[in-house]
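Worksheet: one structure, shown below.
The values are calculated or read from the model by the stated rules, or taken from the named source; none is laboratory data. This structure is a prediction, so every number in the text was calculated from the model and none was measured. Here the Cβ positions follow ideal geometry from the backbone for every residue, glycine too, while neighbour counts run over all protein chains shown. These accessible areas exclude ligands, DNA and RNA; they are computed on the full protein's heavy atoms, side chains included. Shrake-Rupley method; radii C 1.70, N 1.55, O 1.52, S 1.80 Å.
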Amino acid sequence: MFTIITGAQFGDEGKGKIVDLIAKDYDIVARFQGGNNAGHTVKVGDDIYKLHLIPSGILLNARVLIGPGVALNPEILAEEIMMFEKHGIKVDTRKLGIDAKTSIIMPYHIEMDKLREASREQKIGTTKRGIGYAYIDKVSRDEIRMAELIDNKRFLKRLQELAPQKEREIAAMGGDPKIVMDPILIERYIELGNQFTTYITDVSMEINEALDEGKHVMAEAAQGTHLDIIHGTQKFVTSSSTIAGSACVNLGVGPTRVDNVIAIVKAYITRVGEGPLPTELIGELGEKIQKAGHEFGTTTGRSRRCGWFDLPLMKKSIALNGYTEISLTKLDVLTGIDPIRICVCYNYKGENVDYPLELTDDLLECKPVYEDLPGWENDLTVIKKFNELPENARRYVKRLEELMKVSINYISVGPDRAQTFRK
Ligand code: GDP
Ligand code: IMO
Ligand code: MG
């Protein structure tokens, strides 16, 4: 069985939590894109794990893979492995595999991301983790791959070959070109390369062979659908493709093998960084949701902008991903809010539109049209069954399901693995 899980909004929908929850039924969980711009939080009892690179399936028995479409910062991976080992979870070569073709994030990519963002009049609000510049190098065929990092001689040869161009680019951006051949940084990367030598694998072949043997494989996305490099709200997007089809491309698995595509959907919407958010709540109510939902970035600590559930964006997500089921998260956060609003369409220049407009500038002019539903006062975090939810919470979930026309499988009412039930 091959299942793809993606975020249906602007990221931070709770992918980490749901992947962790369902990973018990999977033999392999593979990350297919993005890098340590992602932050996935998994809470099990008193333990909280913040993952940036390693797939959230790691806590159970699944083997976890990092696919060739990921932009990998080896320092962050080393830190994450160490963090798990401190928690008594051994991340050996049986547990983790990294594709030989994975692009490496170099210190100069991070520097370029920072320099470019600082020089932009209209900021994107990137995480400044060098993601965009690592992908630029992949596309321009100037990347350093995992296979090179683990081979000291090849790594140095490749870096020397690339250095003059990178130095010119950094100098032209107003930065210090010395970062490219900084001996301390190079030595550290060599050390990291040596640490990861035995983890190298061919992710595509591993997954295809596992599927041939009848095993269960899950592809885990980072970010969210509307941050997709092609279909998102350009230019306020990330630099990789975040939608379900991208899992096939990036992991090297044919589309005929896909069985399920699961959407992770927050019961409202959030966004970190710049870009349109038509239902954004500016003021007291937005802050109330932000506080109740702890809407502060796992990676950068920035506060997340909050808004009402946005159906036009969701309808586009359903089209882009072909979702077969939905996991709805953070329903508990809406307790005490009355009425609860759902944006059912937009008004654009006097006309109602059902889908987000293609161009970001036009989307910025869309005014949400709302349907109001009554709220509830009860604490949902203790609820264990759908039927135990207050009537108005059930009504909200059922209305969302009716509008999205895709069935909701799981409902999450708190950060802990245990705070989840089937609808
Ligand atoms: P991801 O990037 O999609 O994995 O999401 P993040 O982990 O960045 O952000 C989701 C945050 O909400 C995390 O802090 C989770 O622990 C938390 N969370 C997940 N599901 C729920 C839920 O149902 N209720 C509440 N209150 N918090 C949740
Ligand atoms: P997870 O996987 C939310 C946003 C950044 C910025 C834009 C581009 O935790 O859902 P980048 O550094 O990728 O070039 O920044 O994308 N962004 C995210 N927002 N969740 C994420 O990941 C994100 N990863 C990137 O805030 O607006
Ligand atoms: Mg996150």
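Table for the structure above
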item	result
Per residue Cα convex hull volume in Å³ - calculated over segment 274-423	128 Å³
Listed peptides 243-249, 82-88 by packing density, highest first (mean Cβ within 10 Å)	243-249, 82-88
222 nm mean residue ellipticity, helices alone, for the chain (DSSP H n ≥ 4; -39,500 (n - 2.57); rounded to 500)	-10000 deg cm²/dmol
Cα centroid separation - segment 328-375 against segment 228-263, whole Å	24 Å
Relative packing of peptides 190-199, 405-414, 66-75, 31-40 - highest average C-beta neighbours within 10 Å first	31-40, 66-75, 405-414, 190-199
Pair-distance profile P(r), taking every C-alpha pair of the chain, with 10 angstrom steps and integer %	5, 22, 31, 25, 13, 4, 0
Top of ARG394, ARG154, ARG141 by mean-square fluctuation, Gaussian network on the chain, Cα under 10 Å	ARG141
Net charge, ASP310 excluded, C-beta distance under 13 Å - Lys, Arg +1, Asp, Glu -1	+3
Carbon + sulfur, % of accessible area of segment 221-328 - ligands and nucleic acids excluded, 1.4 Å	53 percent
In sequence order, calculated HN-Hα J values of segment 345-350 (Karplus, 6.51, -1.76, 1.60; Hz; x Gly/Pro)	7, 10, 9, 10, 6, x
Accessible surface, the chain, averaged per residue in Å² (probe 1.4 Å)	42 Å²
Integer Hz, Karplus 6.51/-1.76/1.60 couplings in order for segment 331-341, x for Gly and Pro	4, 4, 5, 7, 4, x, 10, 8, x, 9, 9
In order through segment 288-296: 3J(HN,Hα) via Karplus (6.51 cos²θ - 1.76 cosθ + 1.60), integer Hz, x for Gly, Pro	5, 5, 4, 6, 5, x, 6, 7, 10
Using a Förster distance of 22 Å, the FRET efficiency for GLU161-GLN195 (Cβ separation, nearest 0.05)	0.40
Computed P(r) (all Cα pairs; segment 1-160; 10 Å bins; percent)	10, 37, 35, 16, 2
Order by protection proxy (mean Cβ within 10 Å, highest first), peptides 348-355, 225-232, 317-324	225-232, 317-324, 348-355
Approximate spin-label separation ASN260-LEU359, in nm, with each point projected 7 Å along Cα-to-Cβ	4.1 nm
Members of LYS43/LYS291; LYS128/LYS235; LYS101/LYS123 lying beyond 24 Å, as alpha-carbon distances in this model show	LYS101/LYS123
Volume per residue of the C-alpha convex hull in segment 184-300, rounded to whole Å³	187 Å³
